[in-house]
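Scroll down for the structure; my scribbles are underneath it.
The values are calculated or read from the model by the stated rules, or taken from the named source; none is laboratory data. For clarity, every value in this text was computed on a predicted model and none was experimentally measured. Quick reminder, even Gly has a Cβ in these numbers, built from the backbone with ideal geometry, and neighbours come from all protein chains shown. Accessible surface areas use protein heavy atoms only, side chains included; no ligands, DNA or RNA. Shrake-Rupley method; radii C 1.70, N 1.55, O 1.52, S 1.80 Å.
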Amino acid sequence: KRSDFMNMNRETKKDLGLAIQLFYKDVFEFNKIAGRTLHESEYENQLSTVKEEAKELATGLAENDLVEVVDAIADSLFTASFAVGILDGSDAITKNAPKYLNTSETPVEELIPEALEYLEQGNMIDFLTTVEDMCIVVNADVPYCLDQVSKSNLSKFPLVKDISDPDEVCSQIEDLGRYDNVSYSESSKFGEPCYVFKATLDKSNSTNYPNGKVVKPLEEHGYFEPSIAVYE
């Protein structure tokens, strides 16, 4: 049976590997702006975020929703790569592009349960590499999607000059109903002062984030959702 999510082989493994490497560099830049470090004390906070995004892999597969699967692949790469960085205590993952992507051409439908099993076992490295393997066989323009997710995530950091009252933004985020205990801090994005908004409680899944989880402001503050491009 043909995989419903099978790729049309529009990217070479070399090009895709380089796109993933660039994506990981953006991940580390995002976390730098957010004030995150590679200290081991950050791991449990990051693990909660990885598990949250991994649930979307299972949901997309169960609902046969290719867009959700691709979005979840990108978000899983985004969160798990930094988790691996914390475990390694370095940014080594940003310096080597994946080269041996899915040599057996295992379909996404088989890779998702495999990845979730690795995560359940606490094996973050194999979870990440299995998600990488999905990239070469999923029926989507993965380099474009990764670029979109990076840009969308960076848009979570509005510039100070564009926000008149950051306390009001915190209240607006809380009023949406998902997050509680929202606060802000100042940082720098590409040389310009920006705000970072974080919450310590995600009420949608009752998950606590002691070190804070970066949350998106409203679209009026510059945030935008990524565009996910799948093939017909």
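In whole angstrom, how far apart do the alpha carbon centroids of segment 143-159 and segment 36-98 sit?
Cα centroid to Cα centroid, the span is 15 Å.
Using the Cα centre as the reference, give the magnitude of the dipole from point charges on the C-beta atoms of the chain (Lys, Arg: +1; Asp, Glu: -1; all else neutral), rounded to the nearest 20 debye.
In debye, rounded to 20, the chain gives about 620.
With every protein chain present, what is the per residue accessible area of segment 141-200 (1.4 Å probe, Å²)? Display every interim value, and only then the final one.
Details: 2900 Å² over 60 residues.
That works out to 48 Å² per residue.
Counting other Cβ atoms within 10 Å of each Cβ, which chymotrypsin sites (Phe, Trp or Tyr not before Pro) in segment 137-218 have at most 14 and sit in a DSSP loop? All intermediate terms of the calculation are to be shown ahead of the outcome.
On the way: sites: Tyr144, Tyr179, Tyr184, Phe190, Tyr195, Phe197; in loops: Phe190.
Those satisfying the criteria are Phe190.
Suppose we look only past 27 Å in the calculated P(r) of the chain. What percent of the Cα-Cα pairs does that tail hold?
32
Could you give the spread of the C-alpha atoms of segment 1-138 along their three principal axes, from largest to smallest, in whole angstroms?
46, 29, 23
Helix by helix, which DSSP H runs in the chain go 20 Å or more along their axis at the Cα atoms and have an average Kyte-Doolittle hydropathy of 0.5 or more?
Going by DSSP H runs, the hits are 66-88, 124-137.
What relative contact order, as a whole-number percentage, does the chain give when Cα pairs under 8 Å and 6 or more residues apart are counted?
The value is 24 percent.
Could you state, as a whole-number percent, how many of the C-alpha pairs of segment 103-191 are farther apart than 15 Å?
Result for the distance tail: 73 percent.
Could you calculate the FRET efficiency of Gln121 with Glu192 from 1/(1 + (r/R0)^6), where r is the beta carbon distance between them and R0 is 41 Å, rounded to 0.05?
0.45
Quote the relative contact order of segment 116-232 in percent (integer), defining contacts as alpha-carbon pairs under 8 Å separated by 6+ residues.
Values: 160 pairs, mean separation 34.2, N = 117.
It comes to 29 percent, rounded to a whole number.
Looking at Tyr223, Tyr195, Phe28, which one has the Cα that reaches farthest to the positive end of the dipole of the chain (charges on Cβ: Lys, Arg +1; Asp, Glu -1)?
So the residue furthest toward the plus end is Phe28.
At 0.36 nm per residue, and after removing the present C-alpha to C-alpha distance, how many nm does the segment from Asn208 to Ser164 gain when stretched out fully?
Roughly 13.0 nm would be gained on extension.
Which values, in whole Å and largest first, are the semi-axes of the equivalent ellipsoid of segment 65-154 obtained as the square root of 5 times each eigenvalue of the Cα gyration tensor?
Over the Cα atoms of segment 65-154, the semi-axes work out to 19, 17, 13 Å.
How much mean residue ellipticity at 222 nm does the chain get from its helices, if each DSSP H run of length 4 or more adds -39500 (n - 2.57) and you divide by all residues, to the nearest 500 deg cm²/dmol?
One gets -16500 deg cm²/dmol as the mean residue ellipticity at 222 nm.
Given the options Ile125, Tyr144, Val169, identify the residue whose Cα lies farthest towards the positive end of the charge dipole of segment 109-232 (+1 on Cβ of Lys, Arg; -1 on Cβ of Asp, Glu).
Selected residue: Val169.
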